[in-house]
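Visitor: Take a look at this one; I'll ask things after.
Laboratory data are not the source of any read-out in this text; all were calculated from the coordinates shown. Keep in mind it's a predicted model, so treat the numbers as computed, not measured. Cβ coordinates were reconstructed from backbone atoms using ideal geometry, including for glycine residues, and neighbour counts include every protein chain displayed.
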Amino acid sequence: MEDMYSALTEALAAWVSAAAGTAVQASDFRLPRDEGQLSLGVFVQGGAKEAAAKLTEDLPACPQVREVREKNGWLLFWLSNAWFDELIAWAKALDTRPGGSYVENRMGILMRKGDAPCPDAEPVRRALWTAFMAYRRGFWREADERAVLTMTHELTGMDRIALENRCGGAAAAIYKLKGERP
């Protein structure tokens, strides 16, 4: 899939339009600062809470989304593990070359843990999403690198080691997303 972001937002726009009865365009989606992967604020006259409830009922119709919440009149979308698994497969197939950055070195270490699907851990999903957005944008910010480097730091001890042991696929994808394009 050439542009996963466009395919994602187009599918979500069609789903939200049908389920919530509101005309939504792919370009209406935004990147939230704190929660979720995407946000939508097209409910000018209110109705975001009702739309969130309708979309939550209709979640089986949209395999890309695992959760929808309303916050301050905006809909926040959390993407599903299945979508992140597709992102991992897509990113691992990219034709990029390592640039030798600290992020790539760290991801190289985690890649050795073995190929695995996206772990069910929000910091790992956020790191993968952040890396994908940096790749789309064409440059990485310091905050992007920090999100990737600290994706397992929420846990300590054996819990952190167990999470790192499940991050091989996500690390391989981030490694490719961080690499330099030929």
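Visitor: Using each residue's phi in the range 138-153, evaluate 6.51 cos²θ - 1.76 cosθ + 1.60 at θ = phi - 60° and report the 3J(HN,Hα) Karplus result to the nearest Hz, with x for Gly and Pro.
Guide: Once θ is set to phi - 60°, the couplings for the range 138-153 become x, 7, 10, 9, 4, 5, 5, 5, 4, 4, 6, 5, 10, 5, 10, 6 Hz.
Visitor: Now a separate question. Which residue, 169, 114, 157, has the most motion in a Gaussian network model of the chain that connects Cα atoms within less than 10 Å?
Guide: Judging by the Gaussian network model, the answer is 157.
Visitor: Then there's this: Can you tell me which of 137-148, 101-112, 82-93 comes out highest on packing, and rank the rest after it, using the mean Cβ neighbours within 10 Å?
Guide: 82-93, 101-112, 137-148
Visitor: When only C-alpha pairs under 8 Å and at least 6 residues apart count, what is the relative contact order of the chain, in percent? Numbers along the way, then the final one.
Guide: Numbers: 273 pairs, mean separation 39.2, N = 182.
After rounding, I find 22 percent.
Visitor: Tell me what the chain gives for mean residue ellipticity at 222 nm when only DSSP H runs of n ≥ 4 count, each as -39,500 (n - 2.57), the sum divided by the residue total, rounded to 500 deg cm²/dmol.
Guide: Rounded to the nearest 500, it is -15500 deg cm²/dmol.
Visitor: Ok, one more. Name the long-range amide H neighbours of residue 66: under 5 Å, sequence gap of 5 or more, or other chain; modelled H, no Pro or chain starts.
Guide: The answer is 78, 79, 80.
Visitor: Okay, which of the range 112-130 sit inside 12 Å, backbone N to the point 7 Å along the Cα-Cβ direction of residue 165?
Guide: 113-114
Visitor: Compute the angle between helix 122-137 and the longest alpha-carbon principal axis of the chain, please, reported from 0 to 90 degrees and rounded to the nearest 10.
Guide: 90 degrees
Visitor: Then there's this: Could you calculate the contour length gain from residue 112 to residue 26, that is, 0.36 nm times the residue separation minus the distance between their Cα atoms, to one decimal place in nm? Present the calculation step by step, with values, prior to reporting the outcome.
Guide: Values: separation 86, 0.36 × 86 = 30.96 nm, distance 3.71 nm.
Taking residue 112 through residue 26 to full extension adds about 27.3 nm, to one decimal.
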